[in-house]
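Worksheet: the structure to be examined is printed underneath.
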Amino acid sequence: MDRCIVLVDAGYLLGAAASLLAGEPSRSRITVDHTALIQALRDRAESDTERPLLRIYWFDGAPDRVPQPEHRRLRVMPRVTVRLGALTRSDGRWAQKGVDAAMHAELTELARNRACSDVVLVTGDGDLLPGMMAAKEHGVAVHLWAVQAADGDYNQSEDLVAEADERRVLDRAWITQAVRAKELTGVCAPQPVPRPEIAAILSAPLPESALAAAAERPAEQEPHPPAGATGNGGQERVPAPKGVPTPKDLAALRAPGAVQPAQQPAGATLRWSSDKGWVDRPGAVAEPAEAAAMPTLAQLTTAEQRWADREEDITTVGGDPYEVGQVFARRWMSRLGDQSHLQRLSQMYPRIPHRIDGELLRYAARFGLLAHKDDQIDEHDRYAIRAGFWREFDVPAAAEHASAGE
C-alpha cells in the first residue's frame with residue numbers, strides 16, 4: 001500500500017519539546033494545541049514520504065489507562081488512533097509502562113500486513129529497535145524523527161538513528177507551531193477577588209488555641225494521617241499551618257475560647273462548601289432549607305443538552321480545575337428557570353450547597369483530577385474548582401453592577 005503511517009511516542013515528543021522550550025522535560029510546563037500538532041504531523045509526513053497519510057497512532061500513558069482530557073480530544077480527530085499504556089508513580093516521578101511494547105506490536109503488525117509503504121516513528125527509545133528492524137524486513141521504509149535537543153546533542157538511541165532509513169529533526173520553529181512554554185506566575189489558577197468579609201476570614205491567622213488543640217490531638221483522631229507523619233520516638237509531627245485554611249481550620253476560629261482575629265468583621269458567618277461536620281462543630285450553622293431545594297445541573301439538563309455537554313467536554317474543555325468550575329457554573333446558571341436561586345446562592349458565599357458541590361466534584365473527576373493514590377481530588381484542585389465556580393457566578397453580577405452605574 002502506497003500510504004504512510006505515523007507512530008508517535010507522546011512522552012518523548014512532548015517531553016523533548018518541554019526541554020527545548022521550557023528547560024525541563026515536564027509536560028506541565030508547556031501548552032499544546034493538539035489540533036495544530038496533528039495537522040503539522042500529517043503535513044510533514046505526507047511531504048517527507050510523498051505518500052498520503054493513512055493514520056496517526058498516538059501512544060501515551062494514563063493512570064489506570066483511563067483517557068485524560070487530551071486523549072479524549074485526540075481520539076475523536078480524523079485519522080487519529082490513541083493507544084494508552086499505564087502511568088505509574090515511583091520515587092516521586094511518573095513513568096510510562098507498556099507504551100514501548102504497544103508501539104512495537106503495532107509497528108510489526110502494520111508491516112506484516114503491508115498496511116503501508118512508509119512509517120514515521122517519533123520516538124527516542126532504543127527498545128523499539130527490534131520492531132524497526134522487523135518493519136524493514138517486510139519492505140517498509142522507516143523514517144525516524146527527532147525533536148531538536150535542548151543541548152544540541154542526541155536525545156534518541158544511537159542504534160535507532162543508525163538503523164533508520166531516513167532521519168529528520170523537528171526544530172524549534174516546527175515545534176512552536178503547536179507548542180509553547182507556559183509563563184510561570186507562581187499561581188496554579190487565577191483566583192477571583194473575594195468579598196471583603198471572606199478575605200478577612202481567609203487571611204486571619206489560626207488562633208493559638210486551635211494550634212494547641214492540634215498538637216494535643218491523638219493520632220487515632222486524625223481522619224487521614226499523612227504518610228510519614230511520625231518520626232523520632234513515634235511522636236506525631238504537627239504539620240505547619242497551611243497557606244489556605246481548611247474547613248476544619250475555619251471552624252476552629254469560631255470554637256469557644258478561640259482568639260478571634262481583630263480584622264474579622266462583626267457578625268461574619270463561617271461557611272464552606274462541604275456539609276461534613278457542618279452541624280456538629282461548635283459555632284457551625286445548619287444549611288438553609290432553601291439550599292437543599294436548589295436544582296442540580298442534572299435536573300436542569302435535557303438529553304439533547306447532555307449530548308452537547310459531552311461533546312464540549314471532549315473537544316473544548318481543557319481540564320484545568322479552575323476552568324472546570326467555570327464551565328459547570330456557566331451551564332447551571334444558564335439553565336435555571338427560577339433566577340431567585342442565584343440570589344439565595346450569593347448569600348451562601350463561599351459555600352456551595354452540598355448537592356451541587358458534590359455534583360461539581362463528580363463532574364471534575366471526569367477530567368482526570370482524581371489523585372491516583374486515594375481516588376480523591378487534590379485539596380488545591382478543589383479550591384481551584386470552587387474558585388472557578390464562584391468566579392463565573394460573579395461575572396453577571398459584576399456586569400449588572402457596571403450597567404447600573406452608567
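The values are calculated or read from the model by the stated rules, or taken from the named source; none is laboratory data. Just so it is clear, the model here is predicted, and its values are computed rather than measured. Virtual Cβ from ideal backbone geometry, glycine too; neighbours counted across all protein chains shown.
Within the stretch 295-347, considering only helices (runs of 4 or more DSSP H) that don't extend past its boundaries, which have at least 3 residues that are on the phi < 0 side of the Ramachandran plot and acidic (Asp, Glu)?
The helices (runs of 4 or more DSSP H) meeting that bar are 303-315.
Inspect all residues belonging to the stretch 285-304 and state whether any of them is surrounded by 18 or more Cβ atoms within 10 Å (Cβ to Cβ), of a type in the set (A, V, I, L, M), modelled with pLDDT under 85 and within 18 Å of Asp394 (Cα to Cα).
No: zero hits.
Give just the number: which of (1) closer than 21 Å to Leu128 by Cα; (2) out of contact with any Lys or Arg (no Cβ under 6 Å at 6 or more places or on another chain) does Gly85 not satisfy?
(2)
If a residue must be among the small types (Gly, Ala, Ser) and more than 18 Å from Asp151 (Cβ to Cβ), how many such residues does the stretch 1-21 contain?
Here the count works out to 2.
Could you figure out which of (1) closer than 22 Å to Ala291 by Cβ; (2) under 19 Å from the mean Cα position of the chain (by Cα); (3) of a type in the set (A, V, I, L, M, F, W, C); (4) at pLDDT below 85 isn't true of Ile352?
So Ile352 meets the others, but not (2).
Is it the case that Asp64 is part of a helix (DSSP H, G or I), more than 17 Å from the chain's Cα centre (by Cα), touching a residue at least 40 places away in the same chain (Cβ under 8 Å) and surrounded by fewer than 20 Cβ atoms within 10 Å (Cβ to Cβ)?
When the stated conditions are applied, Asp64 does not pass them.
Please go through the stretch 327-349 and pick out each residue that is modelled with pLDDT of 80 or more and surrounded by 15 or more Cβ atoms within 10 Å (Cβ to Cβ).
Answer for the stretch 327-349, where residues must be modelled with pLDDT of 80 or more and surrounded by 15 or more Cβ atoms within 10 Å (Cβ to Cβ): Val327, Phe328, Ala329, Arg330, Arg331, Trp332, Met333, Leu336, His341, Leu342, Arg344, Leu345.
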